[in-house]
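Written out below as structure tokens is the structure these notes cover.
The values are calculated or read from the model by the stated rules, or taken from the named source; none is laboratory data. If you're wondering where the values come from, they're calculated on a predicted model, not measured in any experiment. Ideal geometry is used to build each Cβ from the backbone, glycine not excepted, and the neighbour counts take in all protein chains shown. Ligands, DNA and RNA are stripped out before the accessible areas are found, and what is left, the full protein with its side chains, is counted by its heavy atoms. Shrake-Rupley method; radii C 1.70, N 1.55, O 1.52, S 1.80 Å.
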Protein chains: 4
Amino acid sequence: MDAYLPKPEHKFTFGLWTVGNPGRDPFGEPTRARMDPVHIVKKLSDLGAWGVNFHDNDLVPIDASTAERDRIVADFKKALDDHNMVVPMATTNLFGHPAFKDGAFTSADSRVRAYALQKTMQAMDLGAEFGAKTYVFWGGREGAEVDAGGVMNDGLKRFRDAINFLCDYNHDQGYGYRFALEPKPNEPRGDLFLPTAGAMLGFIATLDQPDMVGVNPEFAHDTMAGLNFAHALAQIIDAGKLFHVDLNDQKMGRFDQDLRFGAENLKTAFFTVKLLEESGYDGPRHFDAHALRTEDEGGVWSFAAGCMRTYLILKEKAARFAADREIQDLIRAYAVTDPDLDALGQGYSADKAAKLKSMAFDREALGNRRVDLERLDQLTVEILMGVR
Amino acid sequence: MDAYLPKPEHKFTFGLWTVGNPGRDPFGEPTRARMDPVHIVKKLSDLGAWGVNFHDNDLVPIDASTAERDRIVADFKKALDDHNMVVPMATTNLFGHPAFKDGAFTSADSRVRAYALQKTMQAMDLGAEFGAKTYVFWGGREGAEVDAGGVMNDGLKRFRDAINFLCDYNHDQGYGYRFALEPKPNEPRGDLFLPTAGAMLGFIATLDQPDMVGVNPEFAHDTMAGLNFAHALAQIIDAGKLFHVDLNDQKMGRFDQDLRFGAENLKTAFFTVKLLEESGYDGPRHFDAHALRTEDEGGVWSFAAGCMRTYLILKEKAARFAADREIQDLIRAYAVTDPDLDALGQGYSADKAAKLKSMAFDREALGNRRVDLERLDQLTVEILMGVR
Amino acid sequence: MDAYLPKPEHKFTFGLWTVGNPGRDPFGEPTRARMDPVHIVKKLSDLGAWGVNFHDNDLVPIDASTAERDRIVADFKKALDDHNMVVPMATTNLFGHPAFKDGAFTSADSRVRAYALQKTMQAMDLGAEFGAKTYVFWGGREGAEVDAGGVMNDGLKRFRDAINFLCDYNHDQGYGYRFALEPKPNEPRGDLFLPTAGAMLGFIATLDQPDMVGVNPEFAHDTMAGLNFAHALAQIIDAGKLFHVDLNDQKMGRFDQDLRFGAENLKTAFFTVKLLEESGYDGPRHFDAHALRTEDEGGVWSFAAGCMRTYLILKEKAARFAADREIQDLIRAYAVTDPDLDALGQGYSADKAAKLKSMAFDREALGNRRVDLERLDQLTVEILMGVR
Amino acid sequence: MDAYLPKPEHKFTFGLWTVGNPGRDPFGEPTRARMDPVHIVKKLSDLGAWGVNFHDNDLVPIDASTAERDRIVADFKKALDDHNMVVPMATTNLFGHPAFKDGAFTSADSRVRAYALQKTMQAMDLGAEFGAKTYVFWGGREGAEVDAGGVMNDGLKRFRDAINFLCDYNHDQGYGYRFALEPKPNEPRGDLFLPTAGAMLGFIATLDQPDMVGVNPEFAHDTMAGLNFAHALAQIIDAGKLFHVDLNDQKMGRFDQDLRFGAENLKTAFFTVKLLEESGYDGPRHFDAHALRTEDEGGVWSFAAGCMRTYLILKEKAARFAADREIQDLIRAYAVTDPDLDALGQGYSADKAAKLKSMAFDREALGNRRVDLERLDQLTVEILMGVR
């Protein structure tokens, strides 16, 4: 049981906007009062979390005076110190205010684009005050419903200009941030630009300083598009671009649900945890989710505790999977490895090509080989259900 | 009317496997007889197509003898000559035979991976004989249903090794191919690796010779994942990676339908044609679709003629859109352009950053600005419906 | 041009909540001020609409005093009279207030269920004051995210009890309403009960007074589930249950977009209009949609005008389709009608069964018959695009 | 462990077409040889299944002579006797042969409709020979891609005529079948008529003998449309129409995967088993799924064993859930039950209505009530994962 108790060493983090979500939705008013960030820090710390993240306006209202800002910052710093909590990541709210109704960095309006840059630099300053080392960009309104407007054509150029500029600002200020870009296919816009983890990787390759920039994949976001989140994660890891991760859950093909981690897709959650734990990723495990709108504050903390506990349960299951002899035997048998053949296909030479072209392969035998994947999958499901 | 008559200058192409599709599906037997490739060439030429593409085994059966192969090749070359048709693209069938049941370049079996390389080199040789200049890779079975097998973890490395090897082979043989990688989210595998156009762009950035490799996006494939195909196309164009394009249609969130171009998503088809025509893309307009299974051969040619005709109708509509004064006025008004502000946000300097940070923006005014996108979209729909 | 000018005889209606939507979404604040219902009536009338519909609280705030209610009602009646507008439909807001956070008629709490009944009776009284003859039930929060709670098991019984009770109330009060139940698959709840038009038909069959109850299908709602809305409409018409209709648009498999009618799925919109016009349905054509959040009030009226205009354009296209000789010839040829054979299969007798069982059918010939659906579909698309 | 051993008393059944599926898909040839039905019976019996189901042509080829038919039937009966297996359900293949390429009962061709009736009567005769008591109708090709053809308008009438006719035939022959209609949203047709469980319930209400007809819901089919299968099942049970059930698994919004039961959506699978076990349903638990195409025959039996074993594991978890005190306390607390209030809302009287209308409800208190659904859901997930 104790094995599932969250501790700071697990690096679990939450956003102020997640546990602080008041339960408003497109069809109804808030069901919970706004929570004080200081209160959130205390409660998360009590539950075993390591840190807390924020958009600029989660902490400092968009219309706060300088004096108010300074007081809020001081209070929040004190709370972090009191409760031994860190701020590993910060980000900008470029989607809540009507000014950003048609995008921020990709807006059709020069003034909005300039304002978005200004607001982001200020938010980077704020995050740096708290020692954040990852800066997330979620282009909440970077997208379109009306492609006739033409933003689709030059939006990516504008987004690139902005990120390039801010990379320089980061360097110039010595903040040492790593940028993590977060994709989402749609909502709130009809179609968001750079809709998937893959699209972000493709975009990063076009930047001036690609090494400073990675991905912040979110479980629910690729899942909304019906994609396998573990596969997306594996591609990001393969590319060396896993700079942050947002964990939650979601049913495919519907509105952004931001469910408690593990609440729907247990199997994909399992492979997600397995990948994170086995890939050497040592950054935050950030839960970008919120309690159901039906819940009161008590339900919020049940939700937060549940995210972390399910992660730890799945982590133990990943260890069990790795130690299960029958499973490991099946995996070994599944991979038919011939180092000589493999060597032929790596590092081209004309000779290797000629050799490969002259070989005889027994197609029918290859078609008949046993793979036993049904058995392997069944054993995996049984690990998941706790019956082995 | 004549304006919609397909001609070779429009560069319309079809695959042998598209018009030659016999109408088999998971629940039923073929409804059409296999068509002779020579017959296909003649018919497509009569309809106004420019070229024809093939997988190796569309032309030469997998078990053909060398003599059979040579005879087939000679007959096909003659047909191309007789009908003034070209072969701009070729590709490999790495998914039909049971040998590839669990992948080709990413298979867990060294022998399958080696055989896939061999088969691809031979197919590249075949394509080169016909002067093909684009080589497409669709990883039909590169994917998984059972992630416990672990291919998810090293599959991309294997795929990269294969593409790197084949880039060298291409160079070594002097074939001058440009490689075009084709993404698809799922089907026939539960989840295919590199599921979206974006994922392909991300993958290309990890290759040894990224300049040799681009994307072959397919309208239906990104649409299956509920993504906006025109947006995917715009990102590929932005990245300079549009090496080929597969046009067809599809309803979102369901099996691969490969419908006649324009049959479902007229608006996205319109923006697709508009992008292709206005971006400077001068490659083939390839229809990777097939007639409904209900059709006989007559229906197949109706289908093929319809793809091309709809493209040309939409092309004319794109010109009409560009010439429509009210539409162009709306687009101009929508873009609020301030060159001084824009200059501040491009090409970082500490001074620019300071200037931007000190500016005052009127958030409320920006939130209230009129964009008139509903009107613009309505006019676009009216162009589409032919009432303006 | 004049052919597309909306007039009261077309029976176009809008909800106060549609054109009055302030543009708030889960990620951002309202972009438009609340509009006075009296103003809405005037503007809609100017645009050619026939009527306006409302939820109780669209017109009368939930916390209005009796005096305020009476004043609002009087003002609104006067506006309707002044502008010759009708209120054909009314409905209840059982989703906005936190009291309904976990359902209304299906809530796990007796008090909420009782309050929902009370609120609905009062809203029925309000609608009757305005002469509404259709009463719509959209179970905005009737659903669940947590099936462990068990509402899934008895929710339908509770919903049935409520509808049965309210049917009696309707009769008792002599209001003469026809009830129209509106399905939706999800959002705001993770899963809504009775998620599709079909589910509603099934539910209606279990009611005490099924004749009083029909369906209010919404284009976007069945489309969210990836279903063909025209097919849903056809089933409702077949069952004699089309009591009202909500027209709008939507991309499949995503959040509830409530787009302008015809904005996305032109082909399905065309078949929807064709069915409505040819089925003898003479009720309101209600647009349950709203302007994009990017728009100001001017955009709202562009949106409203666009809904009606597109409907009328599609109506003319339906007439053109019916008059197109080639299309009608194709349809006639497609239907191979043999009255004798048909008679054998209708109205069972042992003799007919024996006769049918003894007949010889030429399977191969049936498999080879020409259907020409590709051609027919292409001509339909050309009607849609205005090139025939 | 023994608790998870399948036995005939569990009433597990498979179709000949499920374990017999040869692994062909739209992009590849079969990977497994056809299995003899007699062999299948033996193997399923060894694994603990109770029965086996078939389409007419799973057992008797469509072109078999009478003598062949009789021999096959005799052999199969002997195998059933030898292995103590039953045939509880039978059905007709109205989708495999090209004759049905555009539908069967709803075809536009009178001859196809008549042939479909004939084939079904013969298949009902065949099923009756084996004592089948449930007759399933899956309208594999009843649907359309081209709505211009008009089948959408009269297809349901034709389908109704056919079912009415066959109900009479059933009665006339004294077969005692209960008919179970099986919905599916799409594939192989672009859109299938009667796409969801709800649509089937609605359709049944329009039949001449609705009592003879119920639903055969399939887990994967409603899931393809992104619907919650447990909710669909609950509606069918509420309507008294659960006549058969098809268990398998599927990711939402994609092609028909027919995965091993429990392979993807463990939580919905859990609520499905819980509903079946607690609703009093005592019919077959039929697995309408097939092994992955990667598998050889050994993999097929792993697949079949896995379906049954996972069912039994989930059944035990349902019992554990029912016995878990904390869970049951949460459920009780969640339901705020006031019998007096409930009585007011059931069985209308003017007096009750008046009383309800005059009551005062504390909206704010209702909005603030604690529901603790996050906690309840977390405990459910922990039951599923075997950690409580």
Got at least one residue in segment B:245-253 being more than 19 Å from residue A:228 (Cα to Cα), assigned to a strand (DSSP E or B), touching a helix residue (DSSP H, G or I) at 6+ places or on another chain (Cβ under 7 Å) and not aliphatic (A, V, I, L, M)?
yes
Counting only residues that are open to solvent by less than 10 Å² (accessible area, probe 1.4 Å) and under 18 Å from residue C:106 (Cβ atoms), segment C:200-215 contains a total of 5
Looking at this structure, is residue B:50 touching an Asp or Glu at 6+ places or on another chain (Cβ under 6 Å) and either modelled with pLDDT under 95 or closer than 17 Å to residue B:288 by Cα (or both)?
no
Within segment B:83-99, the count of residues that are assigned to a strand (DSSP E or B) and among the aromatic types (Phe, Trp, Tyr) comes to 0
Residue under evaluation residue A:302, criteria (1) part of a loop (DSSP other than H, G, I, E, B); (2) over 28 Å from residue B:148 (Cα atoms); (3) not acidic (Asp, Glu), criterion not met:
(1)
Provide a single number: the residues in segment B:200-242 that are more than 9 Å from chain A (Cβ to nearest Cβ), closer than 21 Å to residue B:268 by Cβ and either assigned to a loop (DSSP other than H, G, I, E, B) or at pLDDT below 95 (or both).
2
Report yes if residue D:344 is over 33 Å from the mean Cα position of the chain (by Cα) and either more than 7 Å from chain A (Cβ to nearest Cβ) or touching a residue at least 40 places away in the same chain (Cβ under 8 Å) (or both), otherwise no.
yes
Taking segment C:90-116 as the region of interest, how many residues are over 19 Å from residue C:62 (Cα atoms) and more than 9 Å from chain D (Cβ to nearest Cβ)?
1
Count, please, the residues in segment D:175-199 that happen to be open to solvent by 10 Å² or more (accessible area, probe 1.4 Å) and either in a helix (DSSP H, G or I) or farther than 29 Å from residue B:291 by Cα (or both).
3
Would it be correct to say that residue D:64 is open to solvent by 20 Å² or more (accessible area, probe 1.4 Å), touching a helix residue (DSSP H, G or I) at 6+ places or on another chain (Cβ under 9 Å), of a type outside the set (Phe, Trp, Tyr) and at negative phi?
yes
Could you count how many residues in segment A:94-105 are over 21 Å from residue B:352 (Cα atoms), in contact (Cβ under 8 Å) with a residue 24 or more places away in the chain and open to solvent by 10 Å² or more (accessible area, probe 1.4 Å)?
3
Do we find that residue D:327 is over 30 Å from residue B:112 (Cβ atoms) and crowded, with 20+ Cβ neighbours inside 10 Å in this structure?
yes
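Table: residues versus (1) at pLDDT 95 or above; (2) part of a loop (DSSP other than H, G, I, E, B); (3) away from chain C (no Cβ under 14 Å); (4) over 25 Å from the mean Cα position of the chain (by Cα).
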position	(1), (2), (3), (4)
D:22	yes, yes, yes, no
D:32	yes, yes, yes, yes
D:72	yes, no, yes, yes
D:81	yes, no, yes, yes
Scan segment A:227-259 residue by residue and report those that are among the basic types (Lys, Arg), open to solvent by 10 Å² or more (accessible area, probe 1.4 Å) and out of contact with any strand residue (DSSP E or B) (no Cβ under 6 Å at 6 or more places or on another chain).
A:251
Given (1) within 9 Å of chain D (Cβ to nearest Cβ); (2) within 22 Å of residue A:255 (Cα to Cα); (3) open to solvent by less than 10 Å² (accessible area, probe 1.4 Å), index of the condition residue C:141 fails:
(1)
I need every pair where a residue in segment C:1-17 that is at positive phi has its Cβ under 7 Å from the Cβ of a residue that is open to solvent by 30 Å² or more (accessible area, probe 1.4 Å) and among the aromatic types (Phe, Trp, Tyr), sequence separation at least 6 or different chains.
C:11/C:50
Looking at segment D:106-136, which of its residues are within 25 Å of residue C:237 (Cα to Cα) and either buried (at least 24 other Cβ atoms within 10 Å of the Cβ) or at pLDDT below 95 (or both)?
D:106, D:107, D:108, D:113
Hey, any hits in segment B:297-315 for a residue that's within 14 Å of chain A (Cβ to nearest Cβ) and within 22 Å of residue B:264 (Cα to Cα)?
yes
Among (1) over 24 Å from the mean Cα position of the chain (by Cα); (2) open to solvent by less than 50 Å² (accessible area, probe 1.4 Å) - the single one residue C:38 does not satisfy:
(2)
Determine if segment A:145-165 includes at least one residue that is more than 11 Å from chain B (Cβ to nearest Cβ) and in a loop (DSSP other than H, G, I, E, B).
no
Segment A:67-93, subset of a type in the set (A, V, I, L, M) and farther than 15 Å from residue A:38 by Cβ, residue most open to solvent (accessible area, probe 1.4 Å):
A:67
Which condition number does residue D:18 fail, the rest of (1) farther than 30 Å from residue B:257 by Cα; (2) in a helix (DSSP H, G or I); (3) of a type in the set (S, T, N, Q) being met?
(1)
So for segment A:343-357 (the condition being of a type in the set (Asp, Glu) and under 15 Å from residue B:114 (Cα atoms)), does at least one residue qualify?
yes
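Residue-wise test of (1) touching a Leu at 6+ places or on another chain (Cβ under 8 Å); (2) under 22 Å from residue B:371 (Cβ atoms).
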| residue | (1), (2) |
| --- | --- |
| C:247 | no, no |
| C:250 | yes, yes |
| C:253 | no, no |
| C:260 | no, yes |
| C:268 | no, no |
| C:273 | yes, no |
| C:280 | no, no |
Enumerate the pairs (first residue in segment A:316-341 and over 25 Å from residue D:298 (Cβ atoms); second residue anywhere and among the hydroxyl-bearing types (Ser, Thr, Tyr)) with beta-carbon separation below 6 Å, excluding pairs fewer than 6 apart on the same chain, so at least 6 apart or on different chains.
A:341/B:110
Helices (runs of 4 or more DSSP H) completely within segment B:333-388 that count 2 or more residues being surrounded by 15 or more Cβ atoms within 10 Å (Cβ to Cβ) and aliphatic (A, V, I, L, M):
B:339-344, B:350-358, B:373-384
Which residue, of A:48, A:28, is more than 25 Å from the chain's Cα centre (by Cα), surrounded by fewer than 24 Cβ atoms within 10 Å (Cβ to Cβ) and in contact (Cβ under 8 Å) with a residue 40 or more places away in the chain?
A:28
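Each row is one residue, and each column tells you yes or no for (1) at pLDDT 95 or above; (2) of a type in the set (D, E, K, R); (3) farther than 27 Å from residue A:91 by Cα; (4) within 25 Å of the chain's Cα centre (by Cα).
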{"site": "A:261", "(1), (2), (3), (4)": "yes, no, no, yes"}
{"site": "A:272", "(1), (2), (3), (4)": "yes, no, no, yes"}
{"site": "A:288", "(1), (2), (3), (4)": "yes, yes, no, yes"}
{"site": "A:291", "(1), (2), (3), (4)": "yes, no, no, yes"}
{"site": "A:303", "(1), (2), (3), (4)": "yes, no, no, yes"}
{"site": "A:319", "(1), (2), (3), (4)": "yes, no, yes, yes"}
{"site": "A:324", "(1), (2), (3), (4)": "yes, yes, yes, no"}
{"site": "A:332", "(1), (2), (3), (4)": "yes, yes, yes, no"}
